[in-house]
Amino acid sequence: MTTSSSTESLARRTLLRFEGALNKIFGNDLNPFYHLGALGFFFFWVVTVSGLYIYVFYDTGVEDAFASVEYLTHEQRYLGGIMRSLHRYASDALVVVMLLHLLREFILGRYRGARWFAWFTGVPLIWLLLAAGINGYWMVWDKLAQYSAVTIIEWFDWLPIFSVPMAGYFISAETLDNRFFTLMSFFHVTVPLFILFLFWVHIMRISYPVVNPKRGLALGMLLAMLVLSLVSPALSQGPADLGIEPGSVGVDWFYLFVSPLLDKWSAGQVWALVGGITLLLGVLPWLPHRFRQIPIAEVSLKNCNGCRRCVADCPYEAVVMRPRSDGLHFAEEAVVTPDRCVSCGICAGACPSSTPFRSEADYVSGIEMPSLPMHGLRAAMTADLAKLQGDVRVMVFGCDNAADIGKLRSAGVAVMSLPCTAMLPPSFIEYALHERQVDGVFITGCRESDCYHRMGGVWTAQRLAREREPRLRGRVELGRIRQYWASSADFSGLASELESFRASLRNGRLT
Amino acid sequence: MIKPLQYMGQGLFYALFFGVIGYFSTWPTYTYLQPDETLIKLSFGHAGQLKEACRERTPEELAKLPMYQRKVTTICPSRERADVVVELEMDGKQLYHVVLPPTGFAHSGTSNIYRRIPVKAGVHTLKARLKDHIGEEFNFMHEETVHLVPGRIMVIDFKSATGGFIFKNKNTTQG
């Protein structure tokens, strides 16, 4: 049992404050920063649908490519033009949410330990998305496409794998073949398909992945994109002419920043930058840091009845069911996949045998955190409760990744911080309230919709609402329980809420 | 926060989010070639001469070969080709100099070049020279006064079969 560290980086504090402000505007449910990954999927689908429409009218050819896009943009402005604009702006938004997603997960430290997989598989997605976008810009074959194509091809020519410079094909209209556009069309379909495949790989080690943003958020984004498409439609920048250097172009900085960079830096330096970023991001989960994961969950077969609750609640698909191996009459047993377990303890909180009402002093649950066994938590809680004084005694359960509840401890308040609030079996609440050991139980953890371990907040709320196993028993007075979700940036609000709860208990107003 | 204020806040967020996207999807414009500049592109491939000359097989050597190998009467001691050296001068000043090694593991392939050279637009005398053997002399040379229009890309190609350098996409003022 540990309390969350009080030392936090400035970036983390800033992010939490910013997200707190967004919570006030959107509510936790629709906060865009809590749905960056899902928004990525959403923008991808907008790009796909609009792209399919554009594809119907797109012609592959040195002359035809530009003309077909112009037709779509101007002759069919009411639909084709809007589709083209949506295609561009959703692609740009995809890059923005992808970078924000990456930055956010980094700042919040959600890439270490078993979470390396999602982080690592996300790295190639960055380059593939950029490649697909750059490729898309070339298909328009306007002045911007010409500038981008020539500079990028020159950049690739720097690699010692091409004996004949490919940029030579862009010397004049005669050297450029229609097949180039056929090839680009092919890439523009196959690369996004591969991206979609990698999206699947990216989320394959998490349970209940959120791949669709909440309807309100999706609608808001779509409407805003539509408005932008009408106010500032995506336009071409004049037909490409390989005999004329455009000299000045309007650049899409989300995708085409490499070309201006190549103007300032040598091709080798830009390759070194790309390689360096890839390498750094790739090895980041394994770089030395202060984070230390506690020992992973362990199954005690003697106490496991194969009920599957741990499997249902594990947010990382780290627990699976296998045929029984110990001869007991149950069909299955829980098995922990070590390299997927993040030691959140949610499985232990879901196990029906974790109840503190068991008679043995050193009882063992079906699945336990070896460093935080349930009998140890019960003993610690009982000892803490015995020390409580005053007219209103409250037990606070919290989470190591949220507000530091250690600072709430007082003569009338006992605290217990867990790796995740959902490690707490509801029976512990009943146990604390049993025979008036305490007057009330206060539950806290990460902000709503932003659980460090993904599902902890949701599972806890559902268990207390008696909607999910293990449910809080009906005989427990709900008025003696209060939930308040708070990050480390919300400590003052948390302290006030606790005081308000204690006051309500004191006054007998059990609300 | 009351609902209308929340909606206003959300509207502001969306406006800001897509305002940034809308702006940076086209602006700021990037200028990489000044209005008084133009480009010369050197782009061609040329195989240098063999470093060691080939010779005809003697009748005695041919007689020693099986019948099916006697059709090839020339023998080359090495496939290795000489580097191709290219120089470009503009108005008497050296603009570019490059030594292009032959491609391939055996150094027997063509020497290739693609180079973009920004220059001031205007009337210039351009002299291109190429050497494709191990000696000192440049064996191909072409000089021409050209009018380089701003933004227009002049391409310098090379084809030994048609006499050497070809200046394309330029306004000639003097041959």
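The values are calculated or read from the model by the stated rules, or taken from the named source; none is laboratory data. The structure presented is a predicted model; accordingly, all values stated were derived computationally and were not measured. Counting neighbours? That spans all protein chains shown, and the Cβs are built from the backbone with ideal geometry, glycine included.
Per-structure values
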{"item": "Which listed residue, of A:ASP177, A:ASP157, is of a type outside the set (A, V, I, L, M, F, W, C) and within 14 Å of chain B (Cβ to nearest Cβ)", "result": "A:ASP157"}
{"item": "Candidate set from segment A:92-116 (those that are at negative phi and of a type outside the set (A, V, I, L, M, F, W, C)); member that is farthest from the other protein chains (Cβ to nearest Cβ)", "result": "A:ARG112"}
{"item": "B:GLU60 being closer than 30 Å to B:LEU95 by Cα, charged (D, E, K, R) and either within 14 Å of chain A (Cβ to nearest Cβ) or over 23 Å from the mean Cα position of the chain (by Cα) (or both)", "result": "no"}
{"item": "Qualifying position, being within 14 Å of chain B (Cβ to nearest Cβ) and assigned to a helix (DSSP H, G or I), among A:SER85, A:SER50, A:SER68", "result": "A:SER85"}
{"item": "Residue within segment A:341-360 that is farther than 24 Å from A:PHE428 by Cα and part of a loop (DSSP other than H, G, I, E, B) present", "result": "no"}
{"item": "Residue satisfying condition, being under 21 Å from A:ASN135 (Cβ atoms) and hydrophobic (A, V, I, L, M, F, W, C), within set A:ALA240, A:ALA224, A:ALA218", "result": "A:ALA240"}
{"item": "Criterion: outside any loop (DSSP other than H, G, I, E, B), in contact (Cβ under 8 Å) with a residue 40 or more places away in the chain, surrounded by 14 or more Cβ atoms within 10 Å (Cβ to Cβ) and away from chain B (no Cβ under 14 Å) - qualifying residue of A:LEU284, A:LEU262", "result": "A:LEU284"}
{"item": "Residue under evaluation B:LEU88, criteria (1) part of a strand (DSSP E or B); (2) out of contact with any Ser or Thr (no Cβ under 9 Å at 6 or more places or on another chain); (3) surrounded by fewer than 17 Cβ atoms within 10 Å (Cβ to Cβ); (4) aliphatic (A, V, I, L, M), criterion not met", "result": "(3)"}
{"item": "Answer from B:LEU5, B:LEU16, B:LEU50 - the residue that is on the phi < 0 side of the Ramachandran plot, aliphatic (A, V, I, L, M) and surrounded by 13 or more Cβ atoms within 10 Å (Cβ to Cβ)", "result": "B:LEU50"}
{"item": "Pick from segment B:19-43, criterion at the interface with another protein chain (Cβ under 8 Å from one of its Cβ atoms) and under 30 Å from B:HIS107 (Cβ atoms), ranking: surrounded by the fewest Cβ atoms within 10 Å (Cβ to Cβ)", "result": "B:SER43"}
{"item": "Residue list for segment A:217-247, filter: more than 24 Å from A:PHE66 (Cβ to Cβ) and more than 9 Å from chain B (Cβ to nearest Cβ)", "result": "A:LEU217, A:ALA218, A:LEU219, A:LEU222, A:LEU226"}
{"item": "Residue tally, condition surrounded by fewer than 15 Cβ atoms within 10 Å (Cβ to Cβ), within 19 Å of A:HIS188 (Cα to Cα) and within 38 Å of the chain's Cα centre (by Cα), over segment A:60-81", "result": "0"}
{"item": "Answer from A:SER371, A:SER354, A:SER359 - the residue that is buried (at least 21 other Cβ atoms within 10 Å of the Cβ), in the same structural domain as A:GLU499 (by TED's automatic domain parsing) and of a type in the set (S, T, N, Q)", "result": "A:SER354"}
{"item": "Segment A:313-349 - residue that is buried (at least 24 other Cβ atoms within 10 Å of the Cβ) and among the aliphatic types (A, V, I, L, M) and, of those, nearest to A:TYR111 (Cα to Cα)", "result": "A:VAL342"}
{"item": "Complete set of residues in segment B:102-127 that are more than 17 Å from B:VAL85 (Cα to Cα) and without any contact (Cβ under 8 Å) to a residue 24 or more places away in the chain", "result": "B:GLY104, B:PHE105"}
{"item": "Qualifying residues in segment B:100-118 (those that are within 12 Å of the chain's Cα centre (by Cα) and either over 21 Å from B:LEU33 (Cβ atoms) or not hydroxyl-bearing (Ser, Thr, Tyr) (or both)) - the one nearest to the other protein chains (Cβ to nearest Cβ)", "result": "B:ASN112"}
{"item": "Meets criteria (over 42 Å from the mean Cα position of the chain (by Cα) and more than 9 Å from every other protein chain (Cβ to nearest Cβ)) for B:GLU52", "result": "no"}
{"item": "Scope segment B:130-158; condition among the charged types (D, E, K, R), more than 14 Å from chain A (Cβ to nearest Cβ) and surrounded by fewer than 20 Cβ atoms within 10 Å (Cβ to Cβ); matching residues", "result": "B:GLU136, B:GLU137, B:GLU143, B:GLU144"}
{"item": "Candidates A:LEU130, A:LEU99, A:LEU125, A:LEU86 - the one that is buried (at least 20 other Cβ atoms within 10 Å of the Cβ) and at pLDDT 95 or above", "result": "A:LEU86"}
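Yes/no matrix, rows are residues, columns are (1) crowded, with 17+ Cβ neighbours inside 10 Å; (2) modelled with pLDDT under 95; (3) touching a strand residue (DSSP E or B) at 6+ places or on another chain (Cβ under 7 Å); (4) within 12 Å of another protein chain (Cβ to nearest Cβ):
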residue: A:GLY136; (1), (2), (3), (4): yes, no, no, no
residue: A:ILE152; (1), (2), (3), (4): yes, no, no, no
residue: A:PHE162; (1), (2), (3), (4): no, yes, no, yes
residue: A:GLY168; (1), (2), (3), (4): yes, yes, yes, yes
residue: A:THR190; (1), (2), (3), (4): no, no, no, no
